[in-house]
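Report on the structure given below.
FYI, it's all coordinate maths here, none of it is from the lab. Keep in mind the model is a prediction, meaning the values are calculated, not measured. Don't worry about glycine lacking a Cβ; one is built from the backbone with ideal geometry, like all the others, and counts go over all protein chains shown.
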Amino acid sequence: MKQDTSSISAFATQFKQLDSLLSLSRPLWQNRSFECRQLPWGDAFPTLARSVWQIADDELDAIDACQLSLSERLLPSLKQDLQAAGSDWDLNLLLPEVAAATSTEPAEIISSLKNDSIRSLALLQADDMAHFSAHIKGRKWQQITAFVAQLPDTQLPVLEWCAGKGHLGRLIAKAKGRNVVSLEWQQSLCEAGQHFADKWQLPQRFVCADAFAEQQGQLEEQQLAVALHACGDLHVTLLQHASNAGTRQVVISPCCYHLIQAQYYQPLSMTAKTSDLLLTRADLQLPLQQSMIASAKGNQYRLQEMAWRLGFDSLQREMRQVDEYLPIPSIKQSQLNGEFETFSRWAANTKKVPLIDSIDWAHYQANGRERQRLTRRIDLVAHLFRSVFEKWLLLDRVCFLEESGYQVKLSEFCLNSITPRNAIISAFK
């Protein structure tokens, strides 16, 4: 994702390429897998259908966890189906960028990110490091330090958006010697953050306010606005307010694109507003769907829960005579230690689903297992497009900033192993 250009047309052109691919491939990624009874695209893509059913169940998570493995396993079959249909998609866009780069560039990219990580560790003295990283999980602290290491060398005061306890802002205040205003809506977090700042005599001040309210007054022209993993509409609101205020510099790492107030995605840029894609909140979760290799026991519980939920779904459709998915609440892991019948009776009672006396519980449990196997394969094919989809969303934000008069860089601030949400957008007036 390494990129550095001031050309509006370059980013816009790239967006158009991704938009074209995503529009053509909608049948493969824009579906609700847990509602399907068969591969929704099986007839149109028969080679791909055979390919996913040839993958063993115990291989799925490992393939899904690595975008390169996913591409290598599925793209040849997809290419055959497209050739047979006379369709022409730019499948090169689905190749992971590191894999598609030159033989020397991947090592340079990885080396650069590792050097950034090493530089981030030097932001604080060893004695201070333990205090500033206390109570912050290891990967989160790595994300914070790596993000701060990417900030521009400027003396502009900083606005930390959606600050929480202000971990990011306090590191900026300490390591960069900047005046920091940390905006957070929870009073208790503001008080905890301000207590730490006062104790360490940091130039950090908390403002307890709702980021969705009219907070443009907190943004100034001579300012650097930062947000690390502000979710959905929260980081979008920052970009809009900063653009309106003419804020000199904006550096964000977006997250959780699906956390929006509108029913459908509202494009930011004029470039994206020409797209035909209509995206639901469920669609916007695609970039966040990536298997994490958990313990064998953890995977067992996850797959069992999926199968039992789908088994109950088949049951409730017949009992209610309504052919639609009925979501049930989160469950405790202990509920999976019992019987499928016990789980289903709990779910039916919770959702007021009437049950008949004679139910073949083994039938519905087996049905759930088969639907789980199907769902995982539908999701696996959809995940082939998750990186492209996230890049589409990122470029919408980049194009919006360029259209607002900023020079923009889109790059990565840490390794994917630290966080998959490692994109950073740096905008400069």
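Please go through the range 305-386 and write out the GluC sites (Glu not before Pro) that DSSP classes as loop and that have at most 15 other C-beta atoms within 10 Å.
Details: sites: E305, E318, E324, E339, E341, E370; in loops: E324, E339.
Qualifying residues, ordered by number: E324, E339.
Our summary gives the range 296-382 a relative contact order of 47 percent, counting only alpha carbon pairs under 8 angstrom and 6 or more residues apart.
Compute the relative contact order of the chain as a whole-number percentage, counting only Cα pairs closer than 8 Å that sit 6 or more residues apart in sequence.
Numbers: 600 pairs, mean separation 100.3, N = 429.
Reported relative contact order: 23 percent.
To the nearest ten degrees, helix 167-176 and the longest principal axis of the Cα atoms of the chain are 30 degrees apart.
Label sites at Q261 and I331, each approximated as a point 7 angstrom past Cα along Cα to Cβ, lie 3.6 nm apart. For the chain, the longest principal axis of the C-alpha atoms and the axis of helix 386-403 are separated by about 30°. Remark: for residue pairs K174/K429; K174/K199; K140/K429; K165/K199; K137/K174, the C-alpha separation exceeds 23 Å in K174/K429; K140/K429. Between helix 187-199 and the chain there is an angle of about 40 degrees, using the helix long axis and the longest principal axis of the Cα atoms. FRET efficiency for the Q80 to S188 pair, using the beta carbon distance and R₀ = 35 Å, is estimated at 0.05.
Think of it as helices only: each DSSP H run of n ≥ 4 in the chain is worth -39500 (n - 2.57), and spread over all residues that comes to -15500 deg cm²/dmol at 222 nm.
Out of the GluC sites (Glu not before Pro) in the range 122-231, which ones are loop residues according to DSSP with at most 16 other C-beta atoms within 10 Å? Answer in residue order: E214, E221. Computed about the Cα centre, the dipole magnitude for the range 296-382 is approximately 380 debye when only Lys and Arg (+1) and Asp and Glu (-1) carry charge, each at its Cβ.
According to the square roots a ≥ b ≥ c of the eigenvalues of the Cα gyration tensor, what is the shape class of the range 14-86, taking rounded for a/c under 1.5, prolate for a/b larger than b/c otherwise, and oblate for the remainder?
In terms of gyration-tensor shape, rounded.
Going by how many other Cβ atoms sit within 10 Å of their own, how do H229, H135, H383 line up, fewest first? Neighbour counts put them in this order, fewest first: H135, H229, H383. Would you mind classifying the range 310-373 by shape? Square roots of the alpha carbon gyration tensor eigenvalues, ordered a ≥ b ≥ c; an a/c under 1.5 is rounded, otherwise it is prolate if a/b is larger than b/c and oblate if not. It is rounded, given that a/c, with a ≥ b ≥ c, falls under 1.5.
Prolate is the label for the chain. Its Cα gyration tensor axes, ordered a ≥ b ≥ c, give a/c of at least 1.5 and a/b above b/c. Convex hull volume of the C-alpha atoms in the range 379-429, normalised per residue: 67 Å³. The ranking of R376, R50 from fewest to most other beta carbons within 10 Å of each one's beta carbon is R50, R376. Here the extension length gained between Y301 and L288 equals 2.6 nm, from 0.36 nm per residue of separation less the Cα-Cα distance.
Ordering F34, F147, F340, F400 by the number of other Cβ atoms within 10 Å of each residue's own Cβ, fewest first, gives F34, F340, F400, F147. Model label points for E35 and T342, set 7 angstrom from Cα along the Cα-to-Cβ axis, are 3.3 nm apart.
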